[in-house]
Amino acid sequence: MLDLIIRNLAQRKMRTGLTIFGIMLGIFAVVVMGGMSENMNSVVDKSVILMANNIQVQPEGTNVLDESKIRQIKRVPGVKDAFGILSQLVDPEQTGGVGIPDLVFGLPPENQMKEAKLSSGRYLVPGDGYNAVVGYGIAKKFDLSVGDELDLKKKSSGRSSSITQSRNVTVVGILEYTGTVFDYVVQMPLDRAQKFYGMENKVSIIHAVPEYGTDPEDLARRIELSVEGVKTDSPGELKKKFKDNLALFSMITVSAAVLAAIIGGLSVMNTMLMSVSERTKEFGIMKALGAERKSILLMTMGEAALMGFAGGNLGIAAGGVIIRVLNESNGTPMFALTPKLVLIALLFAVILGVTCGTYPAYRATKMSPMEALRNE
């Protein structure tokens, strides 16, 4: 049966090739868009793990928190420590694009994220001036080494929002690749960040560290009840929030790719309908010689499935090459070609081929031998 299917497809090389190419383009889109979604999911999972059991305390209804809230949070039973982070964009003109933006985290040197290991240089120390520890992605993007300077920008207080002010910080440390948001973060002393951005005694977010054995979910609720004007995200809530946002992102990107693949699948239906129409005499002779409807159905659907399988493999291969090129040119991975994604893409291609080949196959089985030979 397989030999017959391959021979039938080979007899119409141009049409078969164009059909496979259409499926390949659709699966290529699925692989690239799905790879972006897979990478974002991996970044979120690793980032949540890296932040351990810390509770994020955010302002309720305002953009920033006063540092006095840190002292109030530290007095809540079950809180081991609390510290503030001032978060800003490395370049305020950085808009749009895909992926994680480049961020500045102003934070106390003693509270920097040392779970991310250094590849060179040192961590921040108390008393550091305008020094910074940068993530792997930042170092790659700006071609930084220890001792180099990075230009941070901020919007000026003038009337024109296009006017920016800048400040150089000296790179004293570069982190290893973590596959988390910290690959795209510049860490600098909190007091210097507050001074440069004109936000003295202000922080964007406060991290509350629970005491050993304290349930972070319960502690998050106690902080909300004890400290006015804040809202909290426990580790579980934070992960759920990230996942919900990613679900929407994944739905949009993958839906666009699936639509492209379905359009490619319609070419399978068109090809198979034309093939059935052209092979009327062949089907008539097969039925006259005693071929069962099941055999004709399997042969016709097999042709569609094989085109889907071939297009799927070519699409995965093309997507894999593009993903590798884009990841290497960017310096840090933006796409992840996982075994799960490969399997889903290949199954989708085959199922798409079979589905779009079902109606033409059904038409082929409905032909009566006499009618097929008479029409020919």
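Here are the numbers:
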quantity: Selection from the range 162-174 of residues that are in contact (Cβ under 8 Å) with a residue 40 or more places away in the chain and touching a helix residue (DSSP H, G or I) at 6+ places or on another chain (Cβ under 7 Å); calculated: Ile174
quantity: Val133 being closer than 18 Å to Glu176 by Cα, touching a Leu at 6+ places or on another chain (Cβ under 9 Å) and assigned to a helix (DSSP H, G or I); calculated: no
quantity: Some residue of the range 35-57 being of a type outside the set (Val, Ile, Thr), touching a His at 6+ places or on another chain (Cβ under 9 Å) and in a loop (DSSP other than H, G, I, E, B); calculated: yes
quantity: Per-region count, the range 109-149, residues over 30 Å from Asn53 (Cβ atoms), touching a residue at least 12 places away in the same chain (Cβ under 8 Å) and in contact with a strand residue (DSSP E or B) (Cβ under 9 Å, 6 or more places away or on another chain); calculated: 8
quantity: Single match in Lys74, Lys69, Lys46 (criterion: over 30 Å from Phe309 (Cα atoms), among the basic types (Lys, Arg), in contact with a strand residue (DSSP E or B) (Cβ under 8 Å, 6 or more places away or on another chain) and touching a residue at least 12 places away in the same chain (Cβ under 8 Å)); calculated: Lys69
quantity: Among the residues listed as Leu86, Leu18, the single one being assigned to a strand (DSSP E or B) and out of contact with any Asp or Glu (no Cβ under 9 Å at 6 or more places or on another chain); calculated: Leu86
quantity: Filtered residue count, the range 196-214, keeping only those that are surrounded by 13 or more Cβ atoms within 10 Å (Cβ to Cβ) and over 14 Å from Glu67 (Cα atoms); calculated: 5
quantity: Identity of the residue in the range 231-270, surrounded by 14 or more Cβ atoms within 10 Å (Cβ to Cβ) and of a type in the set (S, T, N, Q), that ends up nearest to Gly312 (Cα to Cα); calculated: Ser267
quantity: One residue from Leu306, Leu352, Leu341, Leu297 being within 30 Å of Ile100 (Cα to Cα), touching a residue at least 24 places away in the same chain (Cβ under 8 Å) and either among the basic types (Lys, Arg) or in the same structural domain as Ser267 (by TED's automatic domain parsing) (or both); calculated: Leu341
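The values are calculated or read from the model by the stated rules, or taken from the named source; none is laboratory data. The shown structure was predicted, so the numbers you read here are calculated from the model rather than taken from an experiment. Positions of Cβ are generated from backbone atoms using ideal geometry, with glycine treated the same way; all protein chains shown enter the neighbour counts.
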